[in-house]
Amino acid sequence: MDDKLLNIDLENIRKNKENWDAPFFIDVESYIDLKEIEIVTNQFYNEDIKNVIILGTGGSIQTLASLSHLSKKKIYPITSSRSVELSKCIEETNPDDSVVIPISRSGETLDVNATIGIFLEKGYKFLGISSRGVMKDLLENIKAPILDVPDLSGRFAGSITNVGIVPAYLSGVDVKEFLDGLKEAYDIFMNINRNPSIEFASFLFNLYKKGYKVVFSMPYSKNLEGSVGLLVQEISESSGKEEKGLMGAYQEAPLCQHSVLEYILGGIKGAIIPILYRIDNEEPDLNLISSIDYISGKSAQNVVDYQADATFQALIEQEIPSGMITINNPNEKGIASLIAFIQSSVYYLCLLLNVNWASNPKVNIGKKICNEALKNNLPSDQRKEIRLKLEKEKFKDFFK
């Protein structure tokens, strides 16, 4: 980044931060009580529990997804009532070796409430994470233990509240190490002077001003895909308002080299910002055996790293603005550092755009439409008729 541009952006960050709420997500102590978690979850924290079933979506699941590779239990993320995932979970688990954790701050999340009854009927044990609403009432009726969710923006809150910490703790993740890692990382990234997250936000913002609209992430490790999913949600929901912002997207790498890289290198320029992610010390890793002499003896991840470096070099050669983010280790502290970097960067990007980093006002439009259709039991053909009528009204002269 050019120093002059970066200094201008630093000044605007300092100025615009007064326009919006302070970043609560840097407080890794006030919203969590590890002793209470230990007491309330004691009945589930034993060797008989092999499966942790999470009923949640969006911010309610994304932090756990970032930590899921560190779990000692099998995690089933049920993000909606899609029948394939739901059926598979029920087939592979049973009430004796599982705990179901529905998560919803409002207690009104359709994707959660639609699936509770199936597990309830089969006698699964429940541990609720909610503050109010239908879901909390239902769990109170069956005398399930419930832990509270503070009224905070969900996508930023998972890492410092019961939302992400309770299921991680029950899954065997070292949450103390994770929280310590967050604190250490925020001491670096949330210091409003030149630091990696401000540089990254400035990089994205100045490309945005040139017309770039999509941050396309390429994680070269399965252990990074949950964290990259968090970036996709946070950058899209946080920056994308008031007809401003960037959209996040990702596909696992090196698979994406064979599906979208041709477009990035040879298609329309000035639209996509590729970001590559890799790990210096991957866990686990193994040595390859091959008749190809320059492959045999190298580790599996080492070969992937060569591909990541080569792809990054190709992007630079083709004059594609791009970046590579590397963490040392995918353990609790490594993932904590990555999450802190992501959340700090998105916060700074929103300050540069001067939009509310914590809100997502448009999301409820579709939820309201869906709930009304369900309550009125509108059949499919009637829902389609409404859409066709809207299409004629809203897009009448669109292609003229």
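In the stretch 204-222, the residues that are among the β-branched types (Val, Ile, Thr) reach residues that are assigned to a helix (DSSP H, G or I) with C-beta atoms within less than 8 angstrom, at least six apart or across chains, in these pairs: Val215/Leu204; Val215/Leu231; Val215/Ile235. Quick test of your reading of the structure: Leu276 fulfils all but one of (1) in a helix (DSSP H, G or I); (2) within 22 Å of Ala201 (Cα to Cα). Name the failing condition by number. Going through (1) in a helix (DSSP H, G or I); (2) within 22 Å of Ala201 (Cα to Cα) one by one, Leu276 breaks only (1). For the structure I just gave you, tell me whether Gly245 is part of a loop (DSSP other than H, G, I, E, B) and either under 24 Å from Ile192 (Cβ atoms) or at pLDDT 95 or above (or both). For Gly245, the condition - part of a loop (DSSP other than H, G, I, E, B) and either under 24 Å from Ile192 (Cβ atoms) or at pLDDT 95 or above (or both) - is met. Quick check on Lys396: is it loosely packed, with under 12 Cβ neighbours inside 10 Å, farther than 30 Å from Glu11 by Cβ and among the basic types (Lys, Arg)? Criteria met by Lys396. Has the stretch 116-135 got at least one residue that is in the same structural domain as Asp33 (by TED's automatic domain parsing), modelled with pLDDT under 90 and basic (Lys, Arg)? Yes, because at least one residue in the stretch 116-135 is in the same structural domain as Asp33 (by TED's automatic domain parsing), modelled with pLDDT under 90 and basic (Lys, Arg). Residues that are at pLDDT below 95 and closer than 16 Å to Val232 by Cβ were ranked within the stretch 351-383; the one that is surrounded by the most Cβ atoms within 10 Å (Cβ to Cβ) is Asn360.
Considering Ile292, Ile369, the condition of being β-branched (Val, Ile, Thr), under 30 Å from Lys384 (Cβ atoms) and without any contact (Cβ under 8 Å) to a residue 60 or more places away in the chain is satisfied by Ile369 alone. Based on this model, can you work out whether Leu374 counts as touching an Asp or Glu at 6+ places or on another chain (Cβ under 8 Å) and outside any loop (DSSP other than H, G, I, E, B)? It is false that Leu374 is touching an Asp or Glu at 6+ places or on another chain (Cβ under 8 Å) and outside any loop (DSSP other than H, G, I, E, B).
Filtered by the rule that a residue be in contact (Cβ under 8 Å) with a residue 12 or more places away in the chain and of a type in the set (Val, Ile, Thr), the stretch 306-360 gives Thr311, Ile320, Ile325, Thr326, Ile327, Ile335, Ile339, Ile342, Val346, Val355. Yes or no: Glu317 of a type in the set (Asp, Glu) and either surrounded by 13 or more Cβ atoms within 10 Å (Cβ to Cβ) or touching a Pro at 6+ places or on another chain (Cβ under 6 Å) (or both)? Here the answer is no, as Glu317 does not meet what is asked.
So that you can scan it fast, the table gives a plain yes or no per residue for (1) under 22 Å from Asp174 (Cα atoms); (2) surrounded by fewer than 24 Cβ atoms within 10 Å (Cβ to Cβ):
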residue	(1), (2)
Asn46	yes, yes
Ser60	yes, no
Lys72	yes, yes
Glu85	no, yes
Asn94	no, yes
Leu110	no, yes
Ala114	no, yes
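Within the stretch 330-345, is even one residue on the phi < 0 side of the Ramachandran plot, surrounded by 12 or more Cβ atoms within 10 Å (Cβ to Cβ) and over 20 Å from the mean Cα position of the chain (by Cα)? No: zero hits. With respect to the conditions (1) over 27 Å from Glu177 (Cβ atoms); (2) out of contact with any Lys or Arg (no Cβ under 8 Å at 6 or more places or on another chain); (3) in contact (Cβ under 8 Å) with a residue 24 or more places away in the chain, Gly56 lacks only one, and its number is (1).
Candidates are the residues of the stretch 318-371 that are assigned to a loop (DSSP other than H, G, I, E, B) and among the aliphatic types (A, V, I, L, M); the one that is nearest to Asp2 (Cα to Cα) is Ile320. Scanning the stretch 257-270 for residues that are assigned to a loop (DSSP other than H, G, I, E, B), surrounded by 14 or more Cβ atoms within 10 Å (Cβ to Cβ) and either at pLDDT 95 or above or touching a Leu at 6+ places or on another chain (Cβ under 7 Å) (or both) yields a single hit, Val260. Looking at the stretch 107-199, the helices (runs of 4 or more DSSP H) lying wholly inside it that each contain 1 or more residues that are within 22 Å of the chain's Cα centre (by Cα) and either over 14 Å from Leu67 (Cβ atoms) or polar (S, T, N, Q) (or both) sit at 110-121, 154-157, 162-170, 175-189.
Filtered by the rule that a residue be of a type in the set (Gly, Ala, Ser) and under 19 Å from Val363 (Cβ atoms), the stretch 95-129 gives Ser104, Ser106, Gly107, Ala114. Listed by first and then second residue, the pairs with beta-carbon distance under 7 Å, at least 6 apart or on different chains, first residue in the stretch 36-53 and under 15 Å from Ile75 (Cβ atoms), second basic (Lys, Arg) and not in a strand (DSSP E or B), are Ile49/Lys73; Lys50/Lys73; Asn51/Lys73; Val52/Lys73.
Checked against the criterion of being within 20 Å of the chain's Cα centre (by Cα), aromatic (Phe, Trp, Tyr), surrounded by 10 or more Cβ atoms within 10 Å (Cβ to Cβ) and under 30 Å from Ser221 (Cβ atoms), the candidates Tyr306, Tyr348 yield just one match: Tyr348. Just one of the numbered conditions (1) out of contact with any helix residue (DSSP H, G or I) (no Cβ under 6 Å at 6 or more places or on another chain); (2) in the same structural domain as Ser30 (by TED's automatic domain parsing); (3) surrounded by fewer than 23 Cβ atoms within 10 Å (Cβ to Cβ); (4) at pLDDT 95 or above is not true of Thr161: (3).
The values are calculated or read from the model by the stated rules, or taken from the named source; none is laboratory data. The model shown is predicted, which means the values in this text are computed figures rather than measured ones. Please note: Cβ atoms are built from the backbone with ideal geometry, for glycine as well, and neighbour counts cover all protein chains shown.
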